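Just so you know, all these numbers are worked out from the coordinates, no wet-lab data involved. This one's a predicted model, so the numbers in the text were calculated from it and none came from an experiment. Cβ placement follows ideal geometry from the backbone for every residue including glycine, while neighbour counts extend to all protein chains displayed.
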Amino acid sequence: MKKNKIQDLVLKRTCDRISHKLLIMSGKGGVGKSSVAACLALALADRRFRVGLLDVDLHGPSIAGIMGLSGPLQMTEDRFALPRQTANGLKVLSMQFLLGTADRPVIWRGPAKTAAIRQFMADVQWGDLDYLLIDSPPGTGDEPLAVARNIAGARAVIVTTPQQVALDDVKRSIRFCRTVSMPILGMIENMGPFACPFCGRPLEIFKSGGGRLLAKEEGIEFFGSLPFDPKFVEACDAGRLSAGASAGRDFTEALEACIDRVVELTKNA
């Protein structure tokens, strides 16, 4: 049997052991997609779900830094890689674990990236999972396409911010999902309005409500808007998110509402 055929069988067996595969994607960079993916994964793990977080942003992996994880991967006796784990049991795999230094570039074309993503699934001991969250680079290039074609049952969660330029790019992500027949589970708006720390009045970095309106126009479930939170940004930059670094109450409540919708929409699927 050819090597690719064997890998196909292993890949299918791996996917069959994972109940829900969620591709976290965005139309453009800078919307906080990776930090949202990390938050969702940690929050699901805190609810005692079995959760994995796979970073397929091969050129700019950031999940390891956000989670405060470093060092090489360990291997089993039968040569499967073991994901790193956080204190609450979240399993994490990132290209960063294979690079050694944070500034080492990955100079690969499409076929090499597709092969790597297949290996991240087939050659890694994920075990039985309730959720696998897959953090992809922004846009509609090789990595999300490789997920759509190789990870059976994957569904998209689209992250945006309220400003118009981000929403225009999100429409491309929506068209991408529909073109490759990947169901869209829902949309999350990040960096939404937040309470002024002095007077409590709502402040807007961007316009508000754009994500909700776009989701309604496109017939997509809108999970909610996460307010901009400096504490959350600081925790991600410092790699303290996995240590339970606190965000403000408004952010935490909005995140929990998003998780409620994710769980509700997947519990019977």
### Query
Hey, in the GNM for the chain with a 10 angstrom Cα cutoff, which one of THR252, THR114, THR76 fluctuates hardest?
THR76
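Using the 10 angstrom Cβ neighbour count as an exposure proxy, how do VAL180, VAL51 rank, fewest first?
VAL180, VAL51
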### region 56-161 - Rg and Dmax from Cα coordinates, angstrom
13.7, 45
### Hits among aspartates and glutamates - C-alpha to C-alpha of LYS231 under 13 Å, sequence gap 8 or more where chains match
ASP250
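When you have a sec, figure out the Kirkwood radius of region 191-264 from all distinct Cα pair distances and drop it here in Å to one decimal? Don't skip to the answer; put the middle values down first.
Working: mean 1/r = 0.0736 Å⁻¹.
It works out to 13.6 Å.
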## Note on the structure
Rounded to 0.05, the calculated FRET efficiency for the beta carbons of ARG249 and ARG172 at R₀ = 35 Å is 0.50
### Message
Taking the beta-carbon count within 10 Å as an exposure proxy, list CYS15, CYS199 from fewest neighbours to most.
### Response
CYS199, CYS15
### Task
Just report the Cα centroid separation between region 188-236 and region 31-67, whole Å.
19 Å
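Going through the cross-link list LYS28/LYS207; LYS21/LYS207; LYS21/LYS216; LYS21/LYS171, which pairs have a Cα-Cα distance over 20 Å in this structure? Could you put the intermediate results ahead of the total?
Values: LYS28/LYS207 17 Å; LYS21/LYS207 31 Å; LYS21/LYS216 24 Å; LYS21/LYS171 22 Å.
Going by Cα-Cα distance, LYS21/LYS207; LYS21/LYS216; LYS21/LYS171 fall outside the 20 Å limit.
Determine the equivalent ellipsoid of region 135-196 by diagonalising the alpha-carbon gyration tensor, then write out the semi-axes as square roots of 5 times the eigenvalues, largest first, rounded to whole Å. Could the numbers behind the result be given before it?
Numbers: eigenvalues 116, 28, 20 Å².
Equivalent ellipsoid semi-axes, largest first: 24, 12, 10 Å.
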### Query
Using only Cα atoms, what Kirkwood radius does region 114-266 have, in angstroms?
17.1 Å
### Message
For LYS267, give me every one of the aspartates and glutamates with a C-alpha distance below 15 angstrom, ignoring sequence neighbours fewer than eight places off in its own chain.
### Response
ASP130
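Determine the shape class of region 29-81: with a ≥ b ≥ c the square roots of the Cα gyration tensor eigenvalues, call it rounded for a/c under 1.5, and otherwise prolate if a/b is greater than b/c, oblate otherwise. Numbers along the way, then the final one.
Values: a/c = 2.35, a/b = 1.27, b/c = 1.85.
Oblate.
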### Alpha carbon convex hull of region 1-101, projected area averaged over orientations, nm²
8.0 nm²
### Sequence-distant aspartates and glutamates (8 or more away, or on other chains) whose Cα lies within less than 20 Å of LYS113
ASP8, ASP55, ASP57, ASP103, ASP123, ASP135, ASP142, GLU143
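Taking the Cβ of each residue in GLU264, GLU189, GLU77 as the centre, tally the other Cβ atoms inside 10 Å and list the residues starting with the fewest. Provide the component values of the computation, followed by the final result.
Values: GLU264 10, GLU189 32, GLU77 5.
Lowest to highest Cβ neighbour count: GLU77, GLU264, GLU189.
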### Message
Could you work out how much longer the chain between ASN4 and ARG149 gets when fully extended? Use 0.36 nm per residue separation minus the Cα distance between them, nm to one decimal.
### Response
50.8 nm
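Compute the normalised compactness of the chain: alpha-carbon radius of gyration over 2.2 N^0.38 Å, N being the residue count. Before the final figure, lay out the partial values.
On the way: Rg = 17.9 Å, N = 269, 2.2 N^0.38 = 18.4 Å.
Ratio of Rg to 2.2 N^0.38 Å for the chain: 0.97.
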